[in-house]
Amino acid sequence: MLLSMTGYGKSESQFRGHTLICEVRSLNSKSIDISTRLTPALRAHELDLRTQVAKRVERGKVDLVIYEQTTVPAGEGQGAASLLNWSAALAYAKQYKEQFGRDASDEIIASILRLPDVAKTPEDTSDLSDAEWASIQAQLDRALDAFVAFRTQEGAALERMFTAKLDGIADLLAQVEPYEKGRVSKIKERLEQNLAQLSADTQAQIDRNRLEQEMIYYLEKLDITEEKVRLTNHIKYFRETMASSGEGVGKKLGFIAQEMGREINTLGSKSNQSEMQIIVVKMKDLLEQIKEQVLNVL
């Protein structure tokens, strides 16, 4: 089962009278890279939170954001007023009056109270109690559960895409066979025609046994049986690796895709037929799509 390195998880809880929101996001990366943005009360526990994330996230560029969402309810008197920057609010109201020539309505005032720098949350840096810390850890675990579920869902979509592209490459490989059978006879016929155009004296001097040996060697160099067998095996191994679990699946799939590319390139160099070269170009296009998405596999 594949897991994507792209993920998102979110959880909410109540913390000291406010809504505490925890978000975990990730993008692809060669190793694990965790960055954090925490509410002031949690900054002393940053290392513990990083460790908790690292246990669940093997690889990726991860952003951990935990913040308090504060609303300013209307008509809450002094308790709400203590959260407002009145000088900023009055400056916004003054700008509104200067711009539109009238005082701000109740609806406009409500909007002003939600503007940047107007509503402020006092920084609470007091130590966490054991119960609060346990609640924070549980909330992060819930966000990580949602994050892993998202990665699993995206991984399933990647697996379906890879399967379709592999099926396409296998179908194209099967289309090579009809051209391959007639290719050798056409090459021999062309060589014979070229020999027939030589003068009688030159033809008499040709060692027929040596010529046959050289033709056999030349035709063997154009044989693509080994490339077809190896490419078929690589496709099979890619499918088997997708079904496996554990660390490094994405890296292994990347290596297999590289080997598939080598075999497809060799097929192209040996094709000597426009029809086969067209098939090879289509195979390269499908493989390139696989390589692009392999970078997102965990």
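See the values below:
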item	result
Subset tally (residues that are on the phi > 0 side of the Ramachandran plot and of a type in the set (Val, Ile, Thr)) for the range 223-278	0
Count of residues meeting criterion [over 21 Å from the mean Cα position of the chain (by Cα) and among the aromatic types (Phe, Trp, Tyr)] in the range 132-181	2
Close pairs from the range 246-257: first in the same structural domain as residue 288 (by TED's automatic domain parsing) and free of Cβ contacts under 8 Å to residues at least 12 places away in the same chain, partner among the aliphatic types (A, V, I, L, M) and in a helix (DSSP H, G or I), Cβ under 9 Å, at least 6 apart	251/294
Odd one out for residue 66 among (1) surrounded by fewer than 16 Cβ atoms within 10 Å (Cβ to Cβ); (2) of a type outside the set (Ser, Thr, Tyr); (3) touching a Ser or Thr at 6+ places or on another chain (Cβ under 7 Å); (4) more than 19 Å from residue 298 (Cα to Cα)	(1)
Subset of the range 235-281 (residues that are farther than 30 Å from residue 29 by Cα, assigned to a helix (DSSP H, G or I) and not small (Gly, Ala, Ser))	266, 267, 270, 275, 276, 277, 278, 279, 280
Count - residues of the range 228-284 that are basic (Lys, Arg), over 12 Å from residue 172 (Cα atoms) and over 25 Å from the mean Cα position of the chain (by Cα)	2
Tabulated pairs, the range 21-45, first more than 18 Å from residue 136 (Cβ to Cβ), second outside any strand (DSSP E or B) and of a type in the set (Ser, Thr, Tyr), C-beta under 7 angstrom, 6+ apart or interchain	26/6; 27/6; 28/6
Unique match (being modelled with pLDDT of 95 or more and charged (D, E, K, R)) among 247, 288, 275, 292	288
Residue match in the range 211-229 (condition: at pLDDT 70 or above, closer than 23 Å to residue 4 by Cα and in the same structural domain as residue 173 (by TED's automatic domain parsing))	no
Residue within the range 139-146 that is touching a helix residue (DSSP H, G or I) at 6+ places or on another chain (Cβ under 8 Å), more than 20 Å from residue 53 (Cβ to Cβ) and either touching a residue at least 60 places away in the same chain (Cβ under 8 Å) or not in a helix (DSSP H, G or I) (or both) present	no
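The values are calculated or read from the model by the stated rules, or taken from the named source; none is laboratory data. This structure is a prediction, so every number in the text was calculated from the model and none was measured. Neighbour counts are summed over all protein chains in view; Cβ atoms, including those assigned to glycine, are modelled from backbone coordinates with ideal geometry.
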